[in-house]
Every structure is written in structure tokens, then in C-alpha cells.
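The values are calculated or read from the model by the stated rules, or taken from the named source; none is laboratory data. Just so it is clear, the model here is predicted, and its values are computed rather than measured. Every residue, glycine as well, gets a Cβ built from its backbone with ideal geometry; the counts of neighbours run over all protein chains shown. Note: accessible area is taken over every heavy atom of the protein model, side chains too, but ligands, DNA and RNA are not part of it. Shrake-Rupley method; radii C 1.70, N 1.55, O 1.52, S 1.80 Å.
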Amino acid sequence: MSTKEKKRIGVLVANLGSPDEPTAEATRAYLAQFLWDPRVVAIPRLIWWPILHWQVLPNRPKKTAEAYAKVWMDEGAPLVVYSQRIADAMQGTLCSRLQEEVVVVPGMTYGQPSIASALHHLREENVERIIVLPLYPQFSYTSTACVSDAVEHALADWEDSPEIITIEHYFDNADYIGALASSIRQYWQSGTRAEKLLLSFHGLPVRNISKGDPYLDQCMHTAKQLFARLGLDDGQAQVCFQSRFGKAEWLQPYTDETLQELGASGINSVDVVCPGFAADCLETLEEMAMHNRDLFLKAGGKEYHYIPCLNDTPEHVDMLAGLVLAEL
């Protein structure tokens with residue numbers, strides 16, 4: 001039996017996406033797609049269209065492109081690069097554990113490689129079952145559900161669709177909590193440990209939570225489990241929320257304001273980790289590791305340490321592979 005005839009398992013490792021290059025033109029195209037998604041910005045389209053096209057897109061892309069340029073890697077945008085590395089490593093792990101061929105590909109909700117192109121590749125590989133794994137530990141309608149939307153849209157015109165299984169979250173997975181704790185301990189062992197550990201999750205408008213988005217509860221559950229695993233109390237660690245956009249009220253406390261308050265209050269050193277991000281990206285490498293570091297130091301802080309995301313570390317890859325295996 002040829003490879004094409006074999007029944008195979010496919011895995012779609014999904015993430016948000018990035019511009020094709022760190023230029024204003026490419027960033028504008030990416031933001032136009034990202035910010036037009038009604039799950040991301042829930043403002044009525046008739047109101048949002050002129051705001052997006054007459055205010056946001058003429059002004060924001062240049063500044064955002066400059067931020068991307070600070071963290072751009074030789075292979076491309078960090079989020080896409082790490083997602084590809086995770087997919088490659090997972091494929092090797094799954095093939096070894098299952099003793100059969102598994103095809104693992106990355107796909108981005110916005111930008112390239114798109115979810116549609118990733119699914120097309122899996123179709124060409126003749127898979128009969130696809131596990132969709134969004135790299136979002138905590139579920140949100142603004143992120144995880146957008147992946148499901150993109151998958152559904154891509155499969156709409158397929159005559160013979162494979163079985164689709166979506167892993168919607170893993171915020172309480174013991175191996176995920178263990179991998180986070182291990183990465184923090186390893187960082188502490190390699191250098192100095194700060195006075196305070198700050199857990200910075202991506203923010204979300206408060207109205208989203210009031211409408212039933214479970215994201216906040218899942219973030220807090222992750223934090224509680226991680227603090228327990230590390231043996232930390234409220235005085236040693238804190239949760240906050242970053243990357244707010246627009247004028248609406250977002251989840252608080254805000255990361256940038258929290259860091260300024262800590263620096264001004266006499267806290268000399270902080271360690272910062274972003275448990276809601278599976279892979280390093282603009283929001284972690286530029287916003288957290290650079291911009292917010294400057295805010296803390298200017299406010300009076302002395303030492304600021306950003307602890308990288310789990311990325312393609314063996315423990316992270318093993319954990320993600322375990323999520324897929326549990327579905328099989």
C-alpha cells in the first residue's frame with residue numbers, strides 16, 4: 001500500500017499569525033484581516049468600518065511594523081517561527097510514540113501560512129482524522145473560537161471532510177502547569193530570583209467576560225495552580241493583563257501600570273512570565289521584554305527579567321503531543 005493510500009492522522013497546530021514582513025504595508029494587510037474579525041472587535045460593522053479604515057489602519061501599521069522589526073528573526077516573525085518549530089518537533093514525537101506516520105502542520109488564523117493552506121496540505125496527505133490544536137491554553141471566543149471559525153470556513157466546500165477534533169483548552173492540564181513551573185525554576189536556577197513574580201496574561205475587554213467568555217476564570221485557575229506548584233503566596237506573585245487596545249475597559253490590573261506601581265513602591269526586581277502565550281511573539285518579546293521593562297526601570301525598579309515562553313522546548317512539545325494522544 002502506498003503512502004497516499006494509508007489512513008493517516010493529521011494535526012493542525014494553530015496560532016494567531018503575523019505580518020509577512022516587518023513593513024508598514026505588510027503589517028497593514030495583516031491588521032486589516034485581524035481587526036476586521038467580529039470576534040476580535042465586536043463593534044457593529046457599520047460603526048467599526050470607518051474607524052478601522054480611517055483611523056486605525058492609516059496610523060497603527062507603521063508603529064507596529066517598527067515593533068516587529070525589533071524582534072524579527074532570520075526565519076521570519078517569532079510567532080510563526082516557533083509555531084513551525086513546535087509542529088516539526090511534535091511530528092517527530094507523535095510518529096515515534098504511535099509508530100505510524102503523523103502529519104503535523106502549523107496554520108495561522110490571520111496571515112500566512114493560513115489555516116486554509118494548512119488544511120489543504122493535510123488533505124493532500126490523505127489524512128482521515130485531523131486534530132486541531134490551538135496554541136491557546138485558555139479558551140476565549142476572541143482566539144480559540146476564531147480558529148474553529150477558520151477551520152469551518154476552509155472545510156465548507158470539501159466534498160469529503162475528514163473527522164475533526166478540536167482541543168479547546170488545556171489551562172488546567174497538569175503537564176502544562178508542570179512545564180510552566182519547570183521553566184520558571186530553571187530560570188531561577190540559572191541566575192538571580194527577583195522579589196516578585198508577575199504573571200501577565202493577554203487582556204480582554206470586560207464586556208466579553210460579562211457576555212460569558214470563560215477566559216478570565218481559566219487564567220486565574222492556571223495562576224492558582226502554578227503558584228501552588230511553585231509554593232508562592234500572594235505577596236510573592238501577582239496576576240495582571242497586558243496588550244489592551246482601544247478605549248473600552250479591559251481586564252485589570254493592567255500590566256504596564258502594575259509594573260510602574262511596583263517600581264515606584266520600592267520593589268527592586270521582578271520576574272515576568274506570560275503563561276497564556278505558548279510561543280514568544282510581538283506581545284512578549286517587544287511589549288513585555290522591552291517596552292514594559294523600560295517602564296519598570298524608569299519608575300524606580302532595578303532589575304527586570306523576562307522568562308521566555310515554553311516555545312519548542314522538549315517538555316512543552318511532549319505536553320502538546322500528550323494532548324493529541326489523549327484525543328486518539
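General observations
- Here the peptides 107-115, 54-62, 203-211 are ranked by packing, the mean other Cβ count within 10 Å, and the order with the highest first is 107-115, 203-211, 54-62.
- Between Tyr254 and Phe241, the built amide H atoms are under 5 Å apart, and every one of these is 5 or more places off in sequence or on another chain.
- Taken one residue at a time, the phi angles of region 268-280 give Karplus couplings (6.51, -1.76, 1.60, θ = phi - 60°) of 7, 9, 9, 10, 10, 9, 10, x, x, 10, 6, 9, 5 Hz. Gly and Pro are set to x.
- All distinct Cα pairs of the chain go into the 1/r average, and the inverse of that average, the Kirkwood radius, is 20.7 Å.
- Unit Cα scatterers, Debye sum, region 30-137: log10 I(q)/I(0) for q = 0.15 Å⁻¹: -0.82
- Taking a ≥ b ≥ c as the square roots of the eigenvalues of the Cα gyration tensor, region 37-87 is classed as oblate, since a/c reaches at least 1.5 and a/b does not exceed b/c.
- Computed helical MRE - 222 nm, the chain, DSSP H runs ≥ 4 contributing -39500 (n - 2.57), nearest 500: -14000 deg cm²/dmol
- Considered as an equivalent ellipsoid built on the Cα gyration tensor, region 155-291 has semi-axes of 30, 20, 15 Å, the largest given first.
- For the chain, with +1 on Lys and Arg beta carbons and -1 on Asp and Glu, the positive-most of Leu133, Val40, Leu328 along the dipole: Val40
- Under the combined filter of DSSP loop state and at most 13 neighbouring Cβ atoms within 10 Å, region 253-309 retains these trypsin sites (Lys or Arg not before Pro): Lys302.
- Using distinct alpha-carbon pairs, which all enter the 1/r mean, Kirkwood radius of region 116-218 in Å: 16.6
- Amide H partners (placed H, <5 Å) of His202, local residues excluded: Gln242, Gly276
- Normalised per residue, the accessible area of the chain is 47 Å², obtained with a 1.4 Å probe and no contribution from ligands, DNA or RNA.
- Probe 1.4 Å - accessible area at Cys309, Å² to nearest ten: 10
- Charge dipole (debye, nearest 20) of the chain; +1 at Cβ of Lys and Arg, -1 at Cβ of Asp and Glu: 720
- Region 220-255 versus region 84-128: alpha-carbon centroid distance in Å: 32
- Given Lys196/Lys298; Lys63/Lys247; Lys70/Lys302; Lys70/Lys196, the pairs whose alpha carbons are separated by over 20 Å: Lys70/Lys302; Lys70/Lys196
- Sparse-neighbour loop sites [chymotrypsin sites (Phe, Trp or Tyr not before Pro); region 212-288; at most 14 other C-beta within 10 Å; DSSP]: Phe245
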